[in-house]
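The values are calculated or read from the model by the stated rules, or taken from the named source; none is laboratory data. Please read these numbers as outputs of a predicted model, since none were measured by experiment. A quick note on method: Cβ atoms are made from the backbone with ideal geometry, for glycine too, and the neighbour counts reach across all protein chains shown.
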Amino acid sequence: KRRRKSLLILNTTMNILILGAGGREHTFAWKIAQSPLCNQLFVAPGNSGTSSIATNLNVSVVNFEGIKKQVLAHDINMVVVGPEDPLVNGIYDFFLNDPELHQVAVIGPQKAAAQLEGSKEFAKEFLSRHGIPTAAYQSFTKDTLDQGYAFLESVNSPYVLKADGLAAGKGVLILTDINEAKQELKSMLVDSKFGAASTKVVIEEFLDGIELSCFVLTDGKNYKLLPTAKDYKRIGEGDTGLNTGGMGAISPVPFVDSVLLTKIENRIVKPTVDGLAKDNLPYKGFIFIGLIVVDNEPMVIEYNVRMGDPETEVVLPRLKTDLLEIFQAIDNECLNEIEIEIYPQTAVTVMLVSGGYPEAYEKEKEITGLESVKESIVFHAGATKADGKVITSGGRVLTVTSLGGDFRSALETTYKSIESIKFEAMNYRTDIGFDL
Ligand code: AMP
Ligand code: GLY
């Protein structure tokens with residue numbers, strides 16, 4: 001069932017609710033607050049950054065009934081969904097099927113389409129059905145564990161094992177030793193290493209190449225490309241150590257030339273959007289396509305049904321067009337009528353994290369010096385207000401974005417701004433962009 005066309009008429013102001021609490025959501029709020037189409041702006045649950053430009057509402061992103069109460073209480077016209085959980089749990093459908101919420105626009109895919117992120121197997125089947133380049137794969141359950149072992153023996157090292165369901169970014173294992181790979185496969189399928197998320201496991205061919213992400217907006221029929229970005233996932237310098245949510249990002253990706261971009265658009269983006277329509281998977285939101293470029297040929301490693309964090313913190317500052325105008329066009333299925341303008345500068349962001357992250361770390365450390373930052377934008381992630389102070393409340397605390405003529409000059413600005421900011425045990429990578 002499709003949502004009836006919105007009664008929102010282009011150029012009317014709206015009350016907006018953003019769901020989420022990280023740097024991504026602070027960036028959405030920062031961008032939307034600049035729009036003349038924005039009347040009142042709310043963020044749930046938000047953080048110290050969003051509280052200075054919007055009203056934070058104390059409700060969890062997966063408490064749909066709680067969200068409904070707030071939407072009705074504040075006459076919200078549009079909900080912008082930051083993280084994947086509410087989308088995979090069907091927030092779009094919840095609004096669609098509720099007579100009191102039916103007219104409220106939701107920016108995101110329907111639950112069926114959100115399976116592109118919610119299930120690796122679903123995504124792989126979608127990719128192969130629509131002839132979109134991706135790594136070869138097979139999937140297994142505990143009943144087919146022996147076939148899984150045999151499959152591992154039939155392919156070359158390294159072995160890529162992916163928990164089918166959402167595992168907070170931890171569900172992918174890349175192993176070089178066959179015995180370790182077998183053991184992990186068993187631990188995922190039989191011992192529920194990632195809970196229900198690893199009831200099924202996708203084993204994939206290892207792709208050796210350079211990664212980047214491309215971001216697409218779609219109304220289900222039409223699409224627009226947003227700038228490319230590259231994030232730095234590991235905690236340590238030189239991309240070493242444990243995986244994190246992301247330690248920094250750069251947009252655009254300097255090695256993406258027009259030849260590569262055309263391949264990405266024709267072989268990946270177009271067939272993805274056409275595939276959604278063919279499969280009757282309604283989608284009005286962002287598609288984040290994780291790519292690996294092998295010998296100049298782009299291949300899909302994953303779909304996310306939302307924006308990336310911290311990729312948002314470099315993509316949105318480069319967007320000149322009013323984001324709410326774009327969202328209205330998405331809701332009205334006329335995205336083709338909108339022109340998307342992008343600033344030519346490069347944007348970079350560097351994440352400041354709590355010492356110990358991504359393992360155990362302390363919270364509630366006071367953050368000082370924010371007011372001294374003049375040449376960069378500081379987006380708050382795991383930070384909150386208490387007694388008039390800004391204190392840490394998460395592992396990824398703040399991210400410092402700068403624009404520049406190229407990524408080196410933008411980085412110079414960001415690293416200079418970081419010198420003003422202090423909190424106990426603050427840690428960050430000093431080598432963002434080292435590989436470019
Ligand atoms: P994903 O959660 O699917 O993005 O996987 C996490 C990370 O694992 C990716 O960012 C890649 O660095 C790596 N990865 C995933 N699939 C593959 C693959 N088939 N070959 C090589 N690396 C991969
Ligand atoms: N930075 C990666 C993500 O948002 O999934």
Quickly run through region 61-75 and pick out the residues that are surrounded by fewer than 22 Cβ atoms within 10 Å (Cβ to Cβ) and either touching a strand residue (DSSP E or B) at 6+ places or on another chain (Cβ under 7 Å) or on the phi > 0 side of the Ramachandran plot (or both). Q70, H74, D75
So V88 passes all but one of these: (1) under 21 Å from V300 (Cα atoms); (2) among the β-branched types (V, I, T); (3) surrounded by fewer than 17 Cβ atoms within 10 Å (Cβ to Cβ). Which condition number does it fail? (3)
With respect to F206, is the statement that it is of a type in the set (F, W, Y) and touching a helix residue (DSSP H, G or I) at 6+ places or on another chain (Cβ under 8 Å) true? no
Those residues that are at negative phi and within 16 Å of the chain's Cα centre (by Cα), I need them from region 90-114; list them, please. I107, P109, A113, A114
Restricting to region 328-340, name every residue that is over 12 Å from K224 (Cα atoms) and of a type in the set (A, V, I, L, M, F, W, C). none
I need the full set of residues from region 410-436 which are in contact (Cβ under 8 Å) with a residue 60 or more places away in the chain, among the polar types (S, T, N, Q) and farther than 12 Å from V353 by Cα, in order please. T414, T430
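Does region 261-280 include one or more residues that are among the hydroxyl-bearing types (S, T, Y), away from ligand 2 (no atom under 16 Å from the Cβ), assigned to a helix (DSSP H, G or I) and more than 19 Å from the chain's Cα centre (by Cα)? Break it down stepwise before answering.
Of all residues in region 261-280, those among the hydroxyl-bearing types (S, T, Y) come to 262, 272.
Then drop every residue that is not away from ligand 2 (no atom under 16 Å from the Cβ), which leaves 262, 272.
Checking the rest, the ones that are also assigned to a helix (DSSP H, G or I) come to 262, 272.
Those left that are additionally more than 19 Å from the chain's Cα centre (by Cα): 262.
Yes, because at least one residue in region 261-280 is among the hydroxyl-bearing types (S, T, Y), away from ligand 2 (no atom under 16 Å from the Cβ), assigned to a helix (DSSP H, G or I) and more than 19 Å from the chain's Cα centre (by Cα).
Scan region 287-312 residue by residue and report those that are touching a residue at least 60 places away in the same chain (Cβ under 8 Å) and away from ligand 1 (no atom under 16 Å from the Cβ). Quick ask: steps written out before the conclusion?
Step one: list which residues in region 287-312 are touching a residue at least 60 places away in the same chain (Cβ under 8 Å), which gives 287-295, 297-312.
The answer is T312, and nothing else.
Run down T55, T12, T27 and say which single residue is among the hydroxyl-bearing types (S, T, Y), modelled with pLDDT of 95 or more, at negative phi and in contact with a helix residue (DSSP H, G or I) (Cβ under 9 Å, 6 or more places away or on another chain).
Details: T55 fails: in contact with a helix residue (DSSP H, G or I) (Cβ under 9 Å, 6 or more places away or on another chain); T12 fails: modelled with pLDDT of 95 or more.
Step by step, each of T55, T12, T27 is checked, and only T27 is among the hydroxyl-bearing types (S, T, Y), modelled with pLDDT of 95 or more, at negative phi and in contact with a helix residue (DSSP H, G or I) (Cβ under 9 Å, 6 or more places away or on another chain).
Hey, could you check region 207-226 for residues that are among the hydroxyl-bearing types (S, T, Y) and either outside any strand (DSSP E or B) or away from ligand 1 (no atom under 16 Å from the Cβ) (or both) and say which is surrounded by the most Cβ atoms within 10 Å (Cβ to Cβ)? If you could, list the steps in order and put the result at the bottom.
Here is the first cut: in region 207-226, the residues among the hydroxyl-bearing types (S, T, Y) are 213, 218, 223.
With the extra rule that they be either outside any strand (DSSP E or B) or away from ligand 1 (no atom under 16 Å from the Cβ) (or both), the set shrinks to 218, 223.
Numbers: T218: 23, Y223: 21.
Ranking the qualifying residues of region 207-226, first place goes to T218.
Does A163 meet the test of being aliphatic (A, V, I, L, M), over 30 Å from M14 (Cβ atoms) and within 16 Å of ligand 2 (Cβ to nearest atom)?
Values: aliphatic (A, V, I, L, M): yes; over 30 Å from M14 (Cβ atoms): yes; within 16 Å of ligand 2 (Cβ to nearest atom): yes.
Yes; evaluated as a whole, the condition is true for this residue.
Each row is one residue, and each column tells you yes or no for (1) closer than 30 Å to G165 by Cα; (2) more than 14 Å from ligand 2 (Cβ to nearest atom).
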| residue | (1), (2) |
| --- | --- |
| V305 | yes, no |
| G308 | yes, no |
| K320 | no, yes |
| L324 | no, yes |
| A329 | no, yes |
| N332 | no, yes |
| L335 | no, yes |
| P344 | no, yes |
| L352 | yes, yes |
